[in-house]
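J.: Okay, here's the structure, questions in a sec.
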Amino acid sequence: MKKFALILLTLVLAVPAFSQGRFGKDSAECTKYLSYYQELYKQRNIAEAAPFWRKAFSLCPPTASQNMIINGQSIIRYEIAKNQKNPARYKELVDTLLMLNDVRAEYFPKYAVKSKDNKAIDLINYCGADYERQYTLLTKILEEIKGEASPVVFVKQMQSSVEMYQNQKIDAEAVMNNYTTISGYLDDKIASSNDPKYRDAKRDVETILIESGVASCDNLVALYTPRFEANPNDEALLANMVKMLSKSECMNTDLFLKSIVALNEINPTASSVYGLYRLYSSRDENTKAAEALERAISLLNPDDVATKAEYTFELATYYFKKCGKAAPAVAKAKEVVEMDESYKGKAYLLIGTIWGGQKCGGDEVNSRANFWVAVDYLQRAAAADPTVADDANSLAAQYRRYFPKTEDAFFLDITDGSAYTVNCGGMSERTTVRTNK
């Protein structure tokens, strides 16, 4: 009976609040000031609208109008801009702006995620110098809305984490844990969204971590070793370990070897196999390295042309410099040009260098004909890319000295300007005869 009476009393006490309606108990005053500020706000007379908005906000319940909160945020931002040189007032206004985001999130839950994301952006825009407050609030906001935050929020959270570490407020493990969380949110967003801003944010977050010095080999090994031992088959963990150890130049650690081998056993990806290539390369296991890089290229997303071109050019160079394989190197260099014309200069310089280094057999003309092809490609390189022009022209000048002599070509019935097919080192090219007197 007592319990029933208590429930009834609660309902009775609640009736006046509900009976107040949308505009509160003083609805006439509420609607009056709403009207006053709205008219001025529509005219973009923000300074005069501000006091009427404040009166409306004090009289009206938050549910009276969502626009009252949204317009209020614009008014407060206007006033913040006018009070840059008044620190005390500036802080009061910023606190009010952040509070309005909280009010909107509470009373209009449909827009809660948007409001909290807006709060994070306001925090970034107006509390940038207060890294500790930024870190604390951004951490809380990301815990609540996770991957639904704007790209800049993830980047700023990583920056504030590093600042906290540099000021001895958190340790290296906390920074790495924050990176792991942020990176996970971004990976999910990249997988579900075509917005390149999230990919840019992921790159920026990684750059911030690498440049901070937190991701040293010692720190990474100390952080990841117990995690690896506890979960040696955790694919997400292994992928992150491979990426971070690779970016931090920690490929010579035992942990890197263990993690990349384990990852490739579970689910080989372009990133993990590329890491394996780097590992084999560092150990001068050149055949295995080239095979791994070939496989990494095959596993790339077909739309990721930039990375495919980068890897393919790297493979062309590796075939030539490490494996001594001229024909595959030239073939890959030509593939790069087809993928991305911005590589023309570098690719043609490589092809010219390869041809110039060949030892071709045969008569006095055929044994030197490779230099014609070399100069052809070096001239193309210089024309395609000013950044390689000096090297290409210098090398071409050297190779021209090795052109066949005019009299040697004459005795073989070969004349300047005629077409000539050069076959050497498993390669074949059509070129033009040029001789030296």
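Residues checked against (1) surrounded by 16 or more Cβ atoms within 10 Å (Cβ to Cβ); (2) within 30 Å of D303 (Cβ to Cβ); (3) in contact (Cβ under 8 Å) with a residue 40 or more places away in the chain; (4) in the same structural domain as E294 (by TED's automatic domain parsing):
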site: K332; (1), (2), (3), (4): yes, yes, no, yes
site: D363; (1), (2), (3), (4): no, no, yes, no
site: Y402; (1), (2), (3), (4): no, no, no, no
site: L412; (1), (2), (3), (4): no, no, yes, no
site: G425; (1), (2), (3), (4): yes, no, yes, no
site: S428; (1), (2), (3), (4): no, no, no, no
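J.: Moving to a separate point now. Determine whether A389 is surrounded by 14 or more Cβ atoms within 10 Å (Cβ to Cβ), aliphatic (A, V, I, L, M) and assigned to a helix (DSSP H, G or I).
T.: So A389 passes the test.
J.: Scan V365, V337, V375 and give me the residue that is within 25 Å of T307 (Cβ to Cβ) and either of a type in the set (A, V, I, L, M, F, W, C) or modelled with pLDDT under 95 (or both).
T.: V337
J.: Specify the residue that is farthest from V113 (Cα to Cα); the eligible residues are those in region 144-171 that are assigned to a helix (DSSP H, G or I) and over 22 Å from the mean Cα position of the chain (by Cα).
T.: Filtering first and then ranking leaves Q166.
J.: Please determine whether any residue of region 49-62 is at pLDDT 90 or above and in a loop (DSSP other than H, G, I, E, B).
T.: yes
J.: Just wondering, is there one or more residues in region 121-136 that are more than 24 Å from M99 (Cβ to Cβ), β-branched (V, I, T), under 20 Å from the mean Cα position of the chain (by Cα) and part of a helix (DSSP H, G or I)?
T.: No, region 121-136 has no match at all.
J.: Only one residue in E143, E106 is over 21 Å from Y41 (Cα atoms), loosely packed, with under 15 Cβ neighbours inside 10 Å and either free of Cβ contacts under 8 Å to residues at least 40 places away in the same chain or touching a Lys or Arg at 6+ places or on another chain (Cβ under 8 Å) (or both). Which one?
T.: Being over 21 Å from Y41 (Cα atoms), loosely packed, with under 15 Cβ neighbours inside 10 Å and either free of Cβ contacts under 8 Å to residues at least 40 places away in the same chain or touching a Lys or Arg at 6+ places or on another chain (Cβ under 8 Å) (or both) holds for just one of E143, E106, which is E143.
J.: Can you tell me which residue is modelled with the highest pLDDT among those in region 25-48 that are part of a loop (DSSP other than H, G, I, E, B) and either in contact with a Ser or Thr (Cβ under 9 Å, 6 or more places away or on another chain) or among the basic types (K, R) (or both)?
T.: R44
J.: Considering each of N194, N233 in turn, give the residue that is without any contact (Cβ under 8 Å) to a residue 24 or more places away in the chain, in a loop (DSSP other than H, G, I, E, B) and not aliphatic (A, V, I, L, M).
T.: When all the criteria are applied, what remains is N194.
J.: If I ask for residues that are of a type in the set (S, T, N, Q) and surrounded by 13 or more Cβ atoms within 10 Å (Cβ to Cβ), which ones from region 414-423 would you list?
T.: Within region 414-423, just N423 meets the criteria.
J.: Give me a count of the residues in region 43-67 that are over 14 Å from E79 (Cα atoms) and either loosely packed, with under 13 Cβ neighbours inside 10 Å or under 41 Å from the mean Cα position of the chain (by Cα) (or both).
T.: 7
J.: Which residue, of E143, E132, is modelled with pLDDT under 95 and under 22 Å from I210 (Cα atoms)?
T.: Matching residue, one of E143, E132: E132.
J.: Now, a different point. Looking at D218, D188, can you tell me which residue is in contact (Cβ under 8 Å) with a residue 40 or more places away in the chain and either assigned to a helix (DSSP H, G or I) or under 28 Å from E148 (Cα atoms) (or both)?
T.: D188
The values are calculated or read from the model by the stated rules, or taken from the named source; none is laboratory data. Quick caveat, the model's predicted, so the values are computed rather than measured. A quick note on method: Cβ atoms are made from the backbone with ideal geometry, for glycine too, and the neighbour counts reach across all protein chains shown.
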